[in-house]
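Contents: one structure, followed by commentary.
The values are calculated or read from the model by the stated rules, or taken from the named source; none is laboratory data. For clarity, every value in this text was computed on a predicted model and none was experimentally measured. We place every Cβ from the backbone using ideal geometry, glycine too, and count neighbours over all the protein chains shown. When the accessible area is computed, the model is the full protein with side chains, heavy atoms only, and any ligands, DNA or RNA have been set aside. Shrake-Rupley method; radii C 1.70, N 1.55, O 1.52, S 1.80 Å.
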Amino acid sequence: MINKKISNTTFRVVILVLLLCAAVSSPACAAVRKEKKLNIVTSAFPPYDFTRSITGDRAEIFMLLKPGSEPHSFDPSPSDIIKIRDCDLFVYVGGESDSWVNGILESLSANEKKPEILRLIDSVNAVKDELMEGMTSYEEELGYDGHIWTSPANAKKIVKTLSDTICRLDRRNAKLYQRNADSEIARIDELDAAFRTIVDVGVRRTIIFADRFPFRYFTDYYNLNYYAAFPGCSSETDAGALTVSFLINKVRSEKIPVVFFVEFSNEKMADVVISVVPTTKKLLLHSAHNVSKADFEGGATYISIMKRNLENLKEALN
Ligand SMILES: [Zn+2]
């Protein structure tokens, strides 16, 4: 009898709490109702940042590439492979720098559970690395250039593709994701307009990289000419003597004011060029393929990194 009384009371309390939870949105109740977040794994910084711009904190996002590490020689660890296998959505770029993904995807096909997989290079018109006059390359065949995000037009396509996929996987938050994607696209449009102005008022159309060249999609989009030491995804760091003298001659004959180096570069070749041609100087053009640890922790974004390039490009075109 007593037992029955207790269980009746307990039952009433449980019902009351459930009713309260339905009526009031207190933090404790929210915790009870909390649903599982989408778990997204991304390869490099651009897919990570674009995904974050869409989901905000409504998804768990993990970037495989460690901030500050060289993105062209990434080698996934066993725990990375497990993360890919167990996530809801795996986003990578594709192209030469992401060729490590192929082996992992093959091994996944044998498993029952597979994540949704999104290869971003499929959402744009991809081009192969090209061998320009003066370049050093020991590779037999050049692969697809994966630095697709350096063109703002491509960046917008990437955000759209990502947003469509994420909305399909998490319909509850679809409206929010779409709004966020629209805001990111508006920020990219602003960035594009700022670059366009600099290119339009610039007196030159040629830029020179004493380094590898990850800006092929950028120069194609803004109709700029370029010369560089290596193709975009090259893992070479030592240019042949012919390459160095070719670049020096170009800088001299066209009175080029700036030679660019890229992020994570040893800047050696740029140093050689500016020592031989003291009227030129070296500046960074950051491709955002990966960011430093300090930038990552400081909340750097694709937009903030690309905006840093504005002033340096302006100097190079004047
Ligand atoms: Zn790169």
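For residues in region 76-98 being assigned to a helix (DSSP H, G or I) and in contact (Cβ under 8 Å) with a residue 40 or more places away in the chain, which is nearest to the ligand (Cβ to nearest atom)?
If we take residues in region 76-98 being assigned to a helix (DSSP H, G or I) and in contact (Cβ under 8 Å) with a residue 40 or more places away in the chain, then S97 is nearest to the ligand (Cβ to nearest atom).
Just to be sure I understand, how many residues within region 287-309 are open to solvent by 30 Å² or more (accessible area, probe 1.4 Å) and part of a loop (DSSP other than H, G, I, E, B)?
4
Examine region 246-259 for a residue that is small (G, A, S), within 16 Å of the ligand (Cβ to nearest atom) and out of contact with any Pro (no Cβ under 9 Å at 6 or more places or on another chain), and state whether such a residue exists.
The answer is no; no qualifying residue exists.
Among the residues in region 197-211, are any basic (K, R), away from the ligand (no atom under 16 Å from the Cβ) and either free of Cβ contacts under 8 Å to residues at least 40 places away in the same chain or in a helix (DSSP H, G or I) (or both)?
no
Taking the options K4, K66, name whichever one is at pLDDT below 70, of a type outside the set (S, T, N, Q) and out of contact with any strand residue (DSSP E or B) (no Cβ under 8 Å at 6 or more places or on another chain).
Just a single option satisfies the conditions, and that option is K4.
Going residue by residue through region 136-146, is there one that turns out to be more than 16 Å from the ligand (Cβ to nearest atom) and crowded, with 17+ Cβ neighbours inside 10 Å?
yes
Of all the residues that make up region 269-318, how many are more than 15 Å from I208 (Cα to Cα) and among the basic types (K, R)?
Selection size over region 269-318: 3.
Exactly one condition in (1) open to solvent by less than 100 Å² (accessible area, probe 1.4 Å); (2) modelled with pLDDT of 50 or more; (3) over 30 Å from S107 (Cα atoms) is not met by A59; state its number.
In the conditions (1) open to solvent by less than 100 Å² (accessible area, probe 1.4 Å); (2) modelled with pLDDT of 50 or more; (3) over 30 Å from S107 (Cα atoms), A59 misses (3) alone.
Go through region 239-267 and count every residue that is closer than 13 Å to F209 by Cβ and either of a type in the set (S, T, N, Q) or part of a helix (DSSP H, G or I) (or both).
Final tally of qualifying residues: 7.
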